[in-house]
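S.K.: Sharing a structure here in structure tokens format.
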Amino acid sequence: MHKLNLINNHTNFYFIGIGGINMSALAEILHKDGYTVSGSDKNDSDTCKHLRSLGITVHTGHNAQNLPHDAQVVVYNAAVATTNPERAEATTRGLVMLERAELLGLIMRNYKNAICVAGTHGKTTTTSMLAEIFIGANADPTVMSGGVLPSMGGAMRIGGEKYFIAEACEYHDSFLKFFPHIGIILNIEMDHGDYFDGEAGLRRSFRAFAEKIPQNGALIINEEVRNLHEITDDLKCQVITFGAHDLGYTLAVPGLHNVSNANAAVAVARHCGLGEDKITKALQGFTGAKRRFEKKGTYNGAQIIDDYAHHPTEVEATLNAAKSLAGTKRLWVAFQPHTHNRTSEFLNEFAKALEIADEIIVLDIYRPAGREEEQANIHAKDLVAKIYNSNCRYADSFEKAVEYAKKGLTPGDILITMGAGDVCLLSEMFCP
């Protein structure tokens, strides 16, 4: 018998793009609850192999014949076009179609307290902090994160039915499909200009997210959000603010932005009645999620760090955090811009943020599959031209970037490979 109440009496789900970090988590939750789950992904991966080890059928490549004859619900994400053969076949059969965020929203309705972490940046780190706190307090949370947390052994954890902790992304208004009992807004800064009609449109979306919180719920929001009252006035739920004030103890992850993230997590934990000793212990031991200021190793006495930052504010915060570390000699960054539209929209802001580093390498712009149409006519060299630092250079390949860096890295230096694309592979070329 299924504990989760989803769609009528449908029990057979097929996932297009099942190997994605969130899609695989949703598939695993349904599988564990007794639903029949199968799916496909463009390429094979360790995630696909893991799902197969659980007994889930996973096809490599997309083909209309992959859909089981008894499939009832097809789940897809934004990267799956209507022309995808499996999606087209599902439409022809008249199967129920669910976008990933819709299914996530349906699942979280089954939990007493859905905690949704929203904001332009900091979602994964804050979600991970919450996971550590709630696990440490024996609250047995179910967690869906956008990054891998070593203590969970992945990006998800299937726990009890009281707490469901998940990231809530604003892109395509995905978080408006969710049903938060506790909502967090870490910050509101313009991003995703390919979707939102300027900052006003973005703020309307965050206001709508806040309005989804019920009267007996709570909104945890950064007091530094501009024109805060526009987001919080006349909400039916309780409003709790936080900031980047001194926590009273030392975090293992650097940067003022992480103090702010931690304060958001503390506010949620206190609202849920968790003990102060458990909160403190968990945060003091928190070392970060993968790709969030992740220490990869050393090369020639220099630290190699990998980070997901791909918005100017994130870049600035991460580089300042690295600069603040004791013993830092020179700060290097190998930056991979993420999407042509974002690079064009924030060209000057990216240039200013990257100038914090002493040595700058700019890689080609990463274009995620299915994410954007190429509207902006821009090249990585355009970003290089905006940077007022003679130690800035363009690298047309990872190999060229490694060649540049290996010639100059010395003991005491820090090199950060930075971006939301596949730049993490570059760090592994230094620390295989």
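The values are calculated or read from the model by the stated rules, or taken from the named source; none is laboratory data. Here the structure is a predicted model, which is why all the values come from computation and not from measurement. Reconstructed Cβ throughout: ideal geometry from the backbone, glycine too, with neighbour counts over all protein chains shown. Note: areas computed on protein heavy atoms with side chains; ligands, DNA, RNA excluded. Shrake-Rupley method; radii C 1.70, N 1.55, O 1.52, S 1.80 Å.
S.K.: Do we have any residue at all in the stretch 350-358 that's farther than 24 Å from His192 by Cα, assigned to a loop (DSSP other than H, G, I, E, B) and open to solvent by less than 20 Å² (accessible area, probe 1.4 Å)?
M.R.: Looking for residues that are farther than 24 Å from His192 by Cα, assigned to a loop (DSSP other than H, G, I, E, B) and open to solvent by less than 20 Å² (accessible area, probe 1.4 Å), one finds at least one in the stretch 350-358, hence yes.
S.K.: Can you tell me which of (1) part of a loop (DSSP other than H, G, I, E, B); (2) in contact (Cβ under 8 Å) with a residue 60 or more places away in the chain; (3) surrounded by fewer than 23 Cβ atoms within 10 Å (Cβ to Cβ) is the one Ala309 doesn't meet?
M.R.: Answer for Ala309: the failing condition is (3).
S.K.: Hey, another quick one. On the basis of being open to solvent by less than 20 Å² (accessible area, probe 1.4 Å) and in a loop (DSSP other than H, G, I, E, B), does Val80 make the cut? First the steps, then the outcome.
M.R.: On the way: open to solvent by less than 20 Å² (accessible area, probe 1.4 Å): yes; in a loop (DSSP other than H, G, I, E, B): yes.
Criteria met by Val80.
S.K.: Are any residues in the stretch 391-432 aliphatic (A, V, I, L, M) and open to solvent by 10 Å² or more (accessible area, probe 1.4 Å), and if so, which ones?
M.R.: Pass one, the stretch 391-432, residues aliphatic (A, V, I, L, M): 395, 401-402, 405, 409, 414-416, 418, 420, 423, 425-426, 429.
Correct list: Val402, Ala420, Leu425, Met429.
S.K.: Check His69, His59 and return the single one that is assigned to a strand (DSSP E or B), free of Cβ contacts under 8 Å to residues at least 60 places away in the same chain, open to solvent by 30 Å² or more (accessible area, probe 1.4 Å) and not β-branched (Val, Ile, Thr).
M.R.: Working: His69 fails: assigned to a strand (DSSP E or B).
His59 is the lone residue from the list that is assigned to a strand (DSSP E or B), free of Cβ contacts under 8 Å to residues at least 60 places away in the same chain, open to solvent by 30 Å² or more (accessible area, probe 1.4 Å) and not β-branched (Val, Ile, Thr).
S.K.: Inspect the stretch 249-257 for any residue being β-branched (Val, Ile, Thr), assigned to a helix (DSSP H, G or I), open to solvent by less than 70 Å² (accessible area, probe 1.4 Å) and within 30 Å of Val333 (Cα to Cα) and give the result as yes or no.
M.R.: We begin by selecting, within the stretch 249-257, every residue β-branched (Val, Ile, Thr); these are 250, 253.
Right, trim to assigned to a helix (DSSP H, G or I) and you get none.
No; the residues of the stretch 249-257 include none that is β-branched (Val, Ile, Thr), assigned to a helix (DSSP H, G or I), open to solvent by less than 70 Å² (accessible area, probe 1.4 Å) and within 30 Å of Val333 (Cα to Cα).
S.K.: If you don't mind, another one. Restricting the stretch 1-39 to residues that are in a strand (DSSP E or B) and over 22 Å from the mean Cα position of the chain (by Cα), which is farthest from Val58 (Cα to Cα)?
M.R.: Step one: of the stretch 1-39, the residues in a strand (DSSP E or B) are 12-16, 36-39.
Right, trim to over 22 Å from the mean Cα position of the chain (by Cα) and you get 12-14, 36-39.
Numbers: Asn12: 14, Phe13: 12, Tyr14: 10, Thr36: 12, Val37: 9, Ser38: 6, Gly39: 5 Å.
Here the answer is Asn12.
S.K.: Select from the stretch 172-186 the residues that are in contact (Cβ under 8 Å) with a residue 40 or more places away in the chain and not in a loop (DSSP other than H, G, I, E, B) and write down the one among them that is surrounded by the most Cβ atoms within 10 Å (Cβ to Cβ).
M.R.: Step one: list which residues in the stretch 172-186 are in contact (Cβ under 8 Å) with a residue 40 or more places away in the chain, which gives 172, 174-175, 177-186.
Next, from what is left, pick out any that are not in a loop (DSSP other than H, G, I, E, B): 172, 174-175, 177, 182-185.
Numbers: His172: 16, Ser174: 22, Phe175: 25, Lys177: 19, Ile182: 24, Gly183: 27, Ile184: 30, Ile185: 25.
Residue satisfying both the conditions and the ranking: Ile184.
S.K.: If you check every pair at least six apart or on different chains, which have Cβ atoms under 6 Å apart with a residue in the stretch 102-115 that is hydroxyl-bearing (Ser, Thr, Tyr) first and a residue that is open to solvent by less than 10 Å² (accessible area, probe 1.4 Å) second?
M.R.: Tyr111/Phe164
S.K.: Something else about it: Working only within the stretch 187-220, note down all residues that are assigned to a helix (DSSP H, G or I) and either in contact (Cβ under 8 Å) with a residue 24 or more places away in the chain or not charged (D, E, K, R) (or both). Lay out the reasoning, then the answer.
M.R.: So in the stretch 187-220, the residues assigned to a helix (DSSP H, G or I) come out as 198-211.
Result: Gly198, Ala200, Gly201, Leu202, Arg203, Ser205, Phe206, Arg207, Ala208, Phe209, Ala210, Glu211.
S.K.: Can you tell me how many residues in the stretch 320-349 are closer than 18 Å to Ser390 by Cβ and either touching a helix residue (DSSP H, G or I) at 6+ places or on another chain (Cβ under 8 Å) or crowded, with 22+ Cβ neighbours inside 10 Å (or both)?
M.R.: Initial filter on the stretch 320-349 (closer than 18 Å to Ser390 by Cβ): 330-335.
Pick out the ones that are also either touching a helix residue (DSSP H, G or I) at 6+ places or on another chain (Cβ under 8 Å) or crowded, with 22+ Cβ neighbours inside 10 Å (or both) and you get 331-335.
Total satisfying the criteria: 5.
S.K.: Looking at the stretch 385-410, I want the residues that are closer than 27 Å to Glu349 by Cβ and have a partner that is charged (D, E, K, R) and open to solvent by 40 Å² or more (accessible area, probe 1.4 Å) with Cβ atoms under 7 Å, at least 6 apart or on another chain. Which pairs are those?
M.R.: That search, which allows pairs on different chains as well, returns Ile387/Glu355; Tyr388/Glu355; Asn389/Glu355; Asn391/Asp358; Tyr394/Lys381; Asp396/Asp364; Tyr404/Arg393.
S.K.: Would you pick out the residues in the stretch 139-171 that are of a type outside the set (Gly, Ala, Ser), open to solvent by 10 Å² or more (accessible area, probe 1.4 Å), touching a residue at least 24 places away in the same chain (Cβ under 8 Å) and assigned to a loop (DSSP other than H, G, I, E, B)?
M.R.: Scanning the stretch 139-171 gives Ile158, Glu161, Lys162, Cys169.
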